[in-house]
Amino acid sequence: MADRVTVIGWDGSPLTRAATAALSAATLVAGAAHHLALPEVPGSAERIRLGSVDLAARRIAGHRGSAVVLADGDPGFFGVVRTLRKPEHGLEVEVVPAVSSVATAFARAGMPWDDAQVVVAHPRTLRRAVNIIRAHHKVAVLTSPGAGPAELALLLEGVHRTFVICEELGTVRERVTVLTSDKTADHTWRDPNVVIVIGGGPETTAHGAWIAGRRPDHPEGVRGWALPATSYGGTGEGGEGESPGLRAAQLARLGPRTGDLVWDIGSGSGSFAVEAARFGAAVLAVDSDPDACGRTATAARTYKVGVQVVRGTAPHVLERLPEPDVVRIGGGGVPVVTAVADRRPERIVTHASNRDEAEGLGAALAENGYAVECALLQSVELDTSDWAERERSVVFLLSGVRSDLAP
């Protein structure tokens with residue numbers, strides 16, 4: 001294997017003394033075309049155009065001499081260092097870092113970025129990157145061909161965001177453009193580029209924050225999940241579908257997570273939508289009642305989470321919504337369950353008030369390719385002053401996991 005492997009980050013500024021020394025001794029240099037054209041690259045060195053990092057790593061592993069890998073920005077931040085250090089390549093590397101392209105992009109925009117989410121967008125991860133944009137106020141996207149500013153904007157159809165597109169940072173062709181998301185898809189953008197996306201709900205980092213990229217707790221200090229309806233601006237429970245116990249079980253079975261898109265059909269008070277969003281998921285809350293839509297929007301503002309509210313009647317309104325990962329169905333019966341199953345989310349939960357209704361919903365899930373579980377949930381609220389029963393809730397919880405994903 002190579003006697004020495006040095007990874008050099010390049011941010012457009014003059015190379016450091018350590019980087020220049022490593023290059024002058026290199027017998028093999030790997031990098032993009034603009035890296036290999038740098039005057040510091042020895043004319044006698046073998047040159048590898050860096051496309052597949054795994055392929056380059058195999059070439060380096062078989063080389064006898066000193067190898068250098070040049071990469072844009074900080075190579076240890078979503079960069080080549082991770083691939084080169086894979087056990088199958090057996091490479092130990094020295095790293096000469098540079099300012100990351102994300103830090104440079106925020107510097108060009110004159111913005112802080114301790115409150116930003118940072119994601120990498122490839123064609124295979126593009127939809128999940130867009131879900132992060134839906135859910136968070138400030139997101140930096142390290143793009144790739146086929147998953148650039150235009151593709152991000154197209155998948156955000158109907159969602160307003162501000163895009164700061166930073167092209168070819170650190171080069172003489174550097175350009176920074178600020179556009180709204182509805183205008184971004186009309187342009188052709190040069191690679192490489194970094195996109196800063198702003199506007200997904202309230203800012204998440206207050207003065208004195210101690211952790212980057214997230215808000216560690218609610219500003220009023222509220223803890224826990226499956227909070228009572230009063231926590232979301234209601235005066236009491238809104239029926240069996242709004243009970244905290246049922247909501248807790250639904251959240252447990254769906255497992256909403258960062259990068260997911262959750263449909264909450266029949267959002268009611270907004271309690272489920274808000275709690276799913278607090279897990280980091282992007283949420284589309286659907287309801288035909290304008291008052292319910294208003295309550296959901298208010299609850300989302302109160303808890304400082306990004307929830308997109310859609311007014312409409314299921315199943316018809318679902319046709320124009322983007323693809324979900326997991327879905328909660330608060331009502332609508334078999335037609336809504338069937339319409340949701342046609343979109344093939346990973347998991348679906350719904351509920352029924354009696355066994356006949358539960359059997360119908362379970363059959364609809366099973367017929368559409370879902371492994372079905374059903375549980376009868378009963379909860380009794382007691383008045384602790386005299387331990388008398390205050391309220392009782394009995395409901396059938398149905399959950400479906402797509403058959404190709406079921407254990």
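The values are calculated or read from the model by the stated rules, or taken from the named source; none is laboratory data. Computed from a prediction, not measured in an experiment: that's the story for all the values here. When we count neighbours, we look across all protein chains shown, and the Cβ atoms used for this are built from the backbone with ideal geometry, even at glycine. What goes into the accessible areas is simple: the full protein's heavy atoms, side chains included, and nothing from ligands, DNA or RNA. Shrake-Rupley method; radii C 1.70, N 1.55, O 1.52, S 1.80 Å.
Stokes-Einstein, applied to the Kirkwood radius of the range 318-389 over Cα pairs at a viscosity of 1.567 mPa s and 4 °C, places its translational diffusion at 93 µm² s⁻¹.
Partners of Lys183 within straight-line reach, counting aspartates and glutamates whose Cα lies under 15 Å from its Cα and excluding those fewer than 8 residues away in the same chain: Glu151, Glu157.
Quickly rank 85-97, 354-366 as a protection proxy: mean count of other C-beta atoms within 10 Å, highest first.
On the way: 85-97: 15.0, 354-366: 16.7.
Ranking the peptides 85-97, 354-366 by packing returns 354-366, 85-97.
Between Pro39, Pro228, Pro345, where does the largest GNM mean-square fluctuation fall for the chain, given springs only between Cα atoms within less than 10 Å? Highest fluctuation among the options: Pro39. Length available on full extension from Ala18 to Glu373: 0.36 nm per residue minus the Cα-Cα distance, which gives 121.7 nm.
Note on the chain: dipole from Cβ charges, positive end direction compared against Gly110, Thr171, Ala371; the farthest Cα belongs to Thr171.
Comparing Leu318, Leu36, Leu261 in a Gaussian network model of the chain (Cα springs below 10 Å), the most mobile by mean-square fluctuation is Leu36.
What relative contact order, as a whole-number percentage, does the range 53-94 give when Cα pairs under 8 Å and 6 or more residues apart are counted? If you can, show how the numbers build up before the last one.
Numbers: 24 pairs, mean separation 18.5, N = 42.
Result for the range 53-94 is 44 percent.
In whole Å, what three semi-axes, largest first, describe the equivalent ellipsoid of the chain built from its Cα gyration tensor (square root of 5 times each eigenvalue)?
On the way: eigenvalues 489, 102, 79 Å².
After scaling each eigenvalue by five and taking roots: 49, 23, 20 Å.
For the range 141-149, backbone phi angles converted through the Karplus equation (6.51, -1.76, 1.60; θ = phi - 60°) give residue-by-residue couplings of 10, 7, 8, 8, x, x, 9, x, x Hz, Gly and Pro being listed as x.
At 0.36 nm per residue, and after removing the present C-alpha to C-alpha distance, how many nm does the segment from Asp291 to Arg59 gain when stretched out fully?
Details: separation 232, 0.36 × 232 = 83.52 nm, distance 6.35 nm.
In short, 77.2 nm is gained.
Quick check: at a probe of 1.4 Å, how many percent of the accessible area of the chain sits on carbon and sulfur atoms? List each step's numbers first, then the result.
Numbers: 9970 of 19360 Å².
Answer for the chain: carbon and sulfur cover 52 percent of the accessible area.
Between Ala299, Ala25, Ala276, the GNM of the chain built on Cα springs shorter than 10 angstrom shows Ala25 fluctuating the most.
When Rg and the Kirkwood Rh are both derived from Cα coordinates, the Rg/Rh ratio for the range 282-403 amounts to 1.04. D by Stokes-Einstein for the range 38-129, Kirkwood Rh over Cα pairs, 10 °C, 1.306 mPa s: 102 µm²/s. Here the simple spin-label model places points 7 Å from the Cα toward Cβ, and for Trp210 and His122 these points are separated by 3.7 nm. Out of every Cα-Cα pair that the range 82-144 contains, those further apart than 20 angstrom amount to 46 percent. Taking amide H atoms as placed 1.01 Å from N in the peptide plane, the amide H of Arg161 lies under 5 Å from those of Ser181, Asp182, each 5 or more residues away in sequence or on another chain. With the charge dipole of the chain set up from +1 on Lys and Arg Cβ and -1 on Asp and Glu Cβ about the Cα centre, the Cα lying farthest toward the positive end among the listed residues Ala67, Ser399, Thr302 is that of Ala67. Between amide H atoms placed 1.01 Å from N, distances below 5 Å from Asp72 occur with Trp10, all of them 5 or more places distant or on a separate chain. Remark: the chain carries a charge dipole of roughly 1400 debye about the Cα centre, counting +1 on each Lys and Arg Cβ and -1 on each Asp and Glu Cβ. Based on alpha-carbon centroids, what's the gap between the range 328-407 and the range 255-274 in Å, whole number please? Taking the Cα centre of each part, the range 328-407 and the range 255-274 sit 15 Å apart.
Here the scattering of the range 219-352 is modelled by Debye summation over its C-alpha atoms, one equal scatterer each and no solvent; at q = 0.13, 0.16 Å⁻¹ the log10 of I(q)/I(0) is -0.46, -0.71.
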